[in-house]
Each structure stands twice: as C-alpha cells, then as structure tokens.
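J.: Okay, here's the structure, questions in a sec.
The values are calculated or read from the model by the stated rules, or taken from the named source; none is laboratory data. Here the structure is a predicted model, which is why all the values come from computation and not from measurement. With ideal geometry, Cβ positions are generated from the backbone for all residues, glycine too; neighbour counts draw on all protein chains shown. These area figures cover heavy atoms from the full protein model, side chains too; ligands, DNA and RNA do not enter into them. Shrake-Rupley method; radii C 1.70, N 1.55, O 1.52, S 1.80 Å.
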Amino acid sequence: MVTDLNLELLTLMMRIRMVEEEIAREYPKGEMRCPTHLSIGQEAVPAALGLCVSIKDMAMSTHRGHAHYIGKGGNLKSMIAEIYGKSTGCSKGKGGSMHLIDNSVGFMGTSAIVGNSIPVGVGLALASKIRKTEQISCIFFGDGATEEGSYYESVNFAVVKKLPVLFLCENNLYSVYSPLNVRQPEGRKISTVAKAMGLGVDEVDGNNAIESFKSIESAVQRIQNNQGPQFIEFSTYRWLEHCGVNYDNDIGYRTEEEYLRWKKNDPISKLKDKLLQEKLISEVQIKEIIAKIEFEIKEAFAFAKESSFPENSEAYIGEYAI
Amino acid sequence: MQSNNREITFATAINEAIHETMAANDNVICYGLGVTDPKAVFDTTKNLEQKFGSERVFDMPTSENAMTGIAVGASLNGLIPLMTHQRLDFFLLAMDQLINSASKWHYMFGSQQSVPITIRLILGRGWGQGPTHSQNLQAWFAHMPGLKVVMPTTPEDAKGLLTASILDPNPVVFLEHRWLHNVKGFVPEGFYSKPIGKAKKVKSGIDVTIVTMSYMTIEALHAVEYLEKMGISCDVIDLLTIRPIDWDSIFNSVKVTGRILALDTGFTTGSVAGEIIARVSMDCFDFLKCKPSRLAMPDMPEPTSPALTKGFYVRASDIVIAVIQMLGKDFSMVKNDLPEPIPHDIPGDWFKGPF
C-alpha cells in the first residue's frame, strides 16, 4: 500500500463527509426541497470503490447516493445544484437528491426504490459482456435491499451468465427504523446467502478504508480474471436519521450507546490517526486538505445558489426521447 | 423490393419483424421465457437463436422483474433489448422496473439517456384462461407517462409496428392478442416500419365513428358488414397505438359522423375506451348528435368455465346493437341474425388449446 493511496482515501472520505455536513447545515433553510439521505459515517466504501475502479467502469446506487456519486468522481457542482432543483443540476432539477447521475465518470444513476437499481446494474454488465467493452458494473445497495426479490433474481442471473458485476452491500443494520433482527433471521449472514447463490464472497469492516480498498481490489481482479460476479458485505453504520439531516438517537429505535460505539469506529478518524501516528501525514497537510475541500464546497454551493431554476415549461418536456 | 403477393399469419409477421430488425441492427437482443424452446412462443421467435446465436437470443430465469431491470441496464449500455412474455399477467411482477425505471429514466435524469426496450406481452380471452391468464391491461400501461403502448390488429401492421417499436428510443409495451396470432393478411417482404402514434381508418363511413383496438377490430368489421346491409355506414378507426393516442384521427372522424362508439378489450372502468369518450365529449361536444357509447369487458374477473363465459365477451352483435341504438332504429333481429358462435370461447377451428 503506497502512501499516496492512503492520502487519497483520506482526502476522498473527508470530501464526502464535509459535503454532507454542509448539506446538513444548509438544509434547514428550506432551499433544498427534496428528501435527502446522508451518508455520514459510511464514507469508506464509496471512497475505496472510487479509487479502485476506472472511469469506464460503471456504478449504480440508491436513495443514499451522494457518497457513491462523489466517490466515483461525479461533478460536485452538478450534484449540489440538483439538490437545489436548479437547471444546472445533473438531472436538470427533475431528479433531486435521489436521482443523481454523471455518465462522464460511469456513475449511471441512483434509484429511490429499494432494490430497484440492482437489476439495472446487472443489465449494464450484460451489455458490457455482449459488447465486449470490458467494463465492470459496481452495484451499491444496503442490507434492506437483500430482502427484495429483485436482489435474488439479479444475483441469480449474474451468476448464470457469469457477468462482470461487483455487488457492494453496505450493511448499516437499519432499514429506515427497522433493525436487522426483525427483518432477517438471527445468525444468518447476508454474505453466507450470497455465497450459497454462487457469488464469490468477502466480508470486511466497512469503516476501515484500507481493508475495504483491498477487498474491492481483489474482487475486481477476480472479475477481470473471469471468475464471475463478486459480492462484498461491508459492516458500517449511519450516524444520522434515515432521511434528513438530524441525529435521531433520542426517538428510541436505537440506543445512544450503540451510536457512540460506532462513532468511535469512525472511518475517517481511524485512518487519519493511523497516518498521523505512522508519520505518513502531518497536521499541516490535513489542514491544507480541509482548506482545499472547504473552498471547493463553497464554490459548489455558490454555483448551485446562483444558478437559475428551470423554466416552469420544462416540467412538460422530456417525456420521450426523440 | 417489396412485394405484397403473399399472405402470412400475424405470428409469422411478428417473427419476420424480429428477424429483420436483428439482422439490420447488431445491438438488438431478444430474450424471454421460452423464446428458444420448441414451441417458440407460438412460433413468433422461431429460428432466432439459430440465426443470431445464443448470446443475442436466449431463454431466461423465471424472474420477470429483474429481467426487465436488466433490459433497462443493458439499454443504458448500448443494447436494444426485446423481451417476450407469453402472458401479460406474469409480467405484472415487473411493474417496479417498468414504472419506476423504464418509463421514468429519460425524464428523471434530465433527458440524458433513454431506455430503448420493447416488451412483447400476449393477452387474450376464452378457452378458460380465467381470472389470471386473460387480462387486457393496456389502460394501465397507457396511464404511464414515458411509455409507448402499441396494439396492432393486422399482420401487416404488426410487422411494421414491431420493427418501429424495437428501434424506438423509448420503452414500448407491444401487446399481441392471442386471437390474432393465426389471422392471415398480406404482408410486405423485407424490412419496413410503420409510425407509432398513428391510427388507421379501416373502413370509411358517415353515420357512426367506431374507435377500436386489436382483436375488437375484427368484431367491429363483422358488425360493420351487417350494418352496411341495413344502409348504415361506419367510420372504423383502429387505434394501433394506445399511447400516445392519435386524437386527430378520432376527432376528425367524430366531426363528420357526430356519433362515437369506443370499443375496448379490457375491463370497462378506467378503460382506454373511457378515456376516448371523455376526450371526445370535452373536445367535440358541439359536434355530437347523441350520447357517446362504449363497449368493454365486464367489471369482473374473467371466469374459467365455458358455461360462465357465454355472453361474457363483446361481440359483433353487441356492436351492431350499440350503433343501431344511436340511430334510434329497431335492433330486435340482431341477436337472431348474429348469434354467439358455437363454441364461443375460441377464435376459430385452428385453436385447440391449451393456451
């Protein structure tokens, strides 16, 4: 593992975190008028994936998609403008936070329906195989999606056709407010089921960016070596409420204790402390990184706020492609 | 060179359209349960795998929803998928991918990418298909912005419109009535396409406008033949496309006849026929000489037993009666002249079941 990679992972995770934090600060003003699902606490996996695969490789994501979009290299200004509903947004104001896209970096879209984007991601890989483009398709989803029929159907087909798909399951223990133990039998792991269906499988601490990177790197190699579709289960945790920008440990579906335990396992602090301890990075460097990201975020929000809203008539355009 | 000198069935016309479109465009792929099996979906997918190989033509897992999403994804990455389902009712498992993915993609991502997929669905009536093998749900699909819904009647239109559907940059639901598969008609050889969104006048007349679709067009033509003998002439408009509907053709006809009867193969409430009556009433009110009328399936599940389906289907005689009533004439002889065929639950002697 080269130092540069450590630094890139840390920087990308910080970038994701700081964007989400700025959204959380601005959201109460009521100018971002759409449901918004933040990824604070879950930055390691999107950063690791983004640094592992090339721009020609594709990714599909979910309602909680900001981190995946940024990780894959999506344009920040277009994302913020989209959340503000502006004509300069990545979906021209027609999608919002839950429908992000940046085809120029292989970020092919996100879906607001749980499990919905999984088959679409498998279809991308089918085309890649038939057209011999050698792209792999990376599909992000959560633990809740593994309860959907579309997940099993999609995995089955990917295995039957040996498609170049990387399934990335970020298990954050909750589907909205429903804990895993009321949704799936105790003792049965998501990765065990995935393995039984014929996927190559790994399990990793999704709050450890370096371990996540290694796991993804090795899965990508197996896909490229024609060993069929691969699956990684990442354990991680969502710090904020399911939808919105607040902490909600007080409402009673999970304990403050549990939250604090996971907060101690913060992917960013862990890597930062390690790099500081090993003297692979200095406090000064970190301050420089923060300043650079702050500038970029300021620019993106200014761009979004200054951009014009789409004309009202735009609502009635675009039903069909011509 | 096209020649019109041969008659082929609707099913063969479908098969030709797929062959010729796949030959013309290497990105077209074709899959669905049974497309490569010996029955070849009522012969409509015959010899495709032999000609284009198993990478482009393949059978699939029994996973209607994911396989629809897979078509969406494949289309986003350069392919043009054509899917086939032997019964529309099974495709209901795929509503999430049809409605939340396929129909929305182009609009919700700001017109950056479209989803050029075509989904062939076979629907029908009779032979005890019963509650869950007979549903004509074109109105559901027609309700949905972003979808195109095509529902041809003749072999010639079926071929041209399937070609157009496959090559259209948008998701198209292509509906084939099982009772039409063996209907023969003149069909040009070679590759051609017909415009989606254009209805066809299949009969010209001045007394009543009959707007129809798919198999109901056959019943309408029988009705019109009978009415002609009574000196009543009808303008018969075969919709061909259910979304977007060719309103101009309908309105122009109603402005001449002043009377409209809308036919539908689906349930009555919320039907396409209901939408046509609503729009005609609103946009052509001043031209109407009498109240509009519609004939569709009863608002009940279709039963299975042949005893229960007697009189259940809309037939030529019902159409004749509806037209005559609009003109205020006597219709007492119609049921005698046009009795329900025996047996009543098959399209003709060629149909021996089982589905």
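J.: Can you give the mean number of other chain Cβ atoms that lie within 10 Å of the Cβ atoms in peptide A:149-157?
T.: Other-chain Cβ atoms within 10 Å of each residue's Cβ, averaged: 6.
J.: What translational diffusion coefficient, in µm²/s and rounded to a whole number, does the Stokes-Einstein relation yield for the range A:1-136 at 20 °C and a viscosity of 1.002 mPa s, taking the hydrodynamic radius as the Kirkwood radius over Cα pairs?
T.: 140 µm²/s
J.: For a bin width of 10 Å, list the pair-distance distribution of the range B:85-211 built from all Cα-Cα distances, rounded to whole %.
T.: Per 10 Å bin, starting at zero, the Cα-Cα P(r) for the range B:85-211 comes out as 11, 38, 34, 15, 2 percent.
J.: Using only the alpha carbon atoms of the protein assembly as shown, find the Kirkwood hydrodynamic radius as the inverse mean reciprocal pair distance, in angstroms to one decimal.
T.: When all Cα pairs of the protein assembly as shown are included, the Kirkwood radius is 27.4 Å.
J.: I've got another one for you. Using modelled amide H (1.01 Å from N, peptide plane; none on Pro or chain starts), what sits under 5 Å from the amide H of B:Val28, excluding residues fewer than 5 places away?
T.: B:Ile80
J.: Whole number in Å², please: accessible area per residue of the range A:125-232, 1.4 Å probe, ligands, DNA and RNA not counted.
T.: 40 Å²
J.: List the lysines whose Cα lies under 22 Å from the Cα of B:Lys289, skipping any in the same chain that are fewer than 8 positions away.
T.: Hits, sequence-local ones excluded: B:Lys201, B:Lys203, B:Lys255, B:Lys329.
J.: Within 10 Å of each candidate Cβ there may be at most 13 other Cβ atoms; applying that plus a DSSP loop requirement, which trypsin sites (Lys or Arg not before Pro) in the range A:41-113 survive?
T.: A:Lys56
J.: Would you mind computing Rg(Cα) / (2.2 N^0.38 Å) for the range A:173-308, counting N as its residues?
T.: 1.36
J.: Taking Cα pairs under 8 Å and at least six residues apart, what relative contact order does chain B come out at, in percent?
T.: 16 percent
J.: Based on DSSP H runs of at least 4 residues, each adding -39500 (n - 2.57), what is the mean residue ellipticity at 222 nm of the protein assembly as shown after dividing by all its residues, to the nearest 500 deg cm²/dmol?
T.: -11500 deg cm²/dmol
J.: Here's a follow-up. Place a point 7 Å from the Cα of B:Leu308 along the Cα-to-Cβ direction; which residues of the range B:338-355 have their backbone N under 18 Å from it?
T.: Under cut-off, by backbone N: B:344-346.
J.: Still on this structure, I have one more. Could you run the numbers on buried accessible area between B and A, total for both chains, 1.4 angstrom probe, in Å² to the nearest 100?
T.: 3300 Å²
J.: Measuring from label point to label point, each 7 Å out along Cα→Cβ, what is the A:Asp273 to A:Glu296 span in nm?
T.: So the label points at A:Asp273 and A:Glu296 sit 2.6 nm apart.
J.: Right, something else. Along Cα→Cβ, 7 Å out, is where each label goes; now give me the distance between the ones at A:Ile317 and A:Asn226 in nm to one decimal.
T.: Here the modelled spin labels are 4.8 nm apart.
J.: Now a separate question. Out of the range A:255-297, which GluC sites (Glu not before Pro) are coil in DSSP terms and have no more than 11 other C-beta atoms within 10 Å?
T.: Here the sparse-neighbourhood loop sites are A:Glu278.
J.: Give me the percent of accessible area attributable to carbon and sulfur for the protein assembly as shown, probe 1.4 angstrom.
T.: That share works out to 53 percent.
J.: Here's something else I'd like to know. May I ask what percent, to the nearest 5, of DSSP beta bridges between residues of the protein assembly as shown are antiparallel?
T.: Antiparallel: roughly 15 percent of the beta bridges in the protein assembly as shown.
J.: On the Cα set of the range B:8-186, report Rg and Dmax in Å, please.
T.: In Å, with Rg to one decimal and Dmax whole: 15.1, 46.
J.: Moving on. Considering chain B as a Gaussian network with a 10 Å cut-off on Cα pairs, which listed residue, B:Val334, B:Val280, B:Val236, attains the greatest mean-square fluctuation?
T.: B:Val334
J.: Mean-square fluctuation check for chain B, GNM, Cα pairs under 10 Å: which of B:Met326, B:Met60, B:Met300 is largest?
T.: Its mean-square fluctuation being the largest, the pick is B:Met300.
J.: Okay, next question. In a Gaussian network model over chain A where Cα atoms closer than 10 Å are linked, find which of A:Asn225, A:Asn249, A:Asn116 has the largest mean-square fluctuation.
T.: Evaluated over chain A, the most mobile residue of the options is A:Asn225.
J.: While we're looking at this one, here's another question. Counting only other chains, and only Cβ atoms inside 10 Å, what mean value do you get across the residues of A:105-112? Present the calculation step by step, with values, prior to reporting the outcome.
T.: Details: counts 0, 0, 0, 5, 9, 1, 7, 3.
Going residue by residue through A:105-112 and averaging, the value is 3.
J.: For the range B:86-125, which trypsin sites (Lys or Arg not before Pro) pass both filters: DSSP loop (anything but H, G, I, E, B) and at most 10 other C-beta atoms within 10 Å?
T.: none
J.: Let me ask another. Over all directions, average the projected area of the Cα convex hull of the range B:98-170 and note it in nm².
T.: Over all viewing directions, the range B:98-170 projects a mean Cα-hull area of 5.7 nm².
J.: State the answer as a single residue: which of A:Ile23, A:Ile101, A:Ala44 lies farthest towards the positive end of the charge dipole of chain A, with beta carbon charges of +1 for Lys and Arg and -1 for Asp and Glu, about the Cα centre.
T.: A:Ile101
J.: Can you give me the relative contact order of the range B:200-337 as a percent, contacts being Cα pairs under 8 Å and 6 or more apart?
T.: Once normalised by length, the contact order is 25 percent.
J.: Multiplying the sequence separation of B:Ser281 and B:Met333 by 0.36 nm and subtracting their Cα-Cα distance, what value in nm do you get? Walk me through the intermediate numbers first.
T.: Working: separation 52, 0.36 × 52 = 18.72 nm, distance 3.05 nm.
Roughly 15.7 nm would be gained on extension.
J.: Next up: Tilt of helix B:316-326 relative to the longest C-alpha principal axis of chain B, in degrees (0 to 90, nearest 10)?
T.: 50 degrees
J.: Restricting things to alpha carbons, tell me how big chain A is in terms of Rg and Dmax, in Å.
T.: 19.2, 58
J.: Once the convex hull of the alpha carbons of the range B:200-337 is built, what does its volume come to per residue, in cubic angstrom?
T.: Convex hull of Cα atoms, per residue: 107 Å³.
J.: May I pose another question? Place a +1 charge on the Cβ of each Lys and Arg in the protein assembly as shown and a -1 charge on the Cβ of each Asp and Glu, then give the dipole magnitude about the Cα centre in debye, rounded to the nearest 20.
T.: 700 debye
J.: Here's a follow-up. Please list, ordered by chain and number, the residues whose modelled amide H lies under 5 Å from the amide H of B:Ile242; skip anything fewer than 5 residues away on the same chain.
T.: When sequence neighbours closer than 5 places are left aside, the close amide H contacts are B:Val149, B:Val150, B:Met151.
J.: So, one more: Relative contact order, percent, of the range A:3-307 when contacts are C-alpha pairs under 8 Å separated by at least 6 residues?
T.: 23 percent.
J.: Return the ratio Rg/(2.2 N^0.38 Å) for the range B:1-97, where Rg is computed over Cα atoms only.
T.: Scaled against compact globular proteins, the figure is 1.12.
J.: Whole-Hz Karplus ³J(HN,Hα) for the range A:302-315, in order, using 6.51 cos²θ - 1.76 cosθ + 1.60 and θ = phi - 60°, x for Gly and Pro?
T.: For the range A:302-315, the Karplus curve yields 5, 4, 5, 5, 7, 5, 7, 6, x, 4, 4, 5, 4, 4 Hz.
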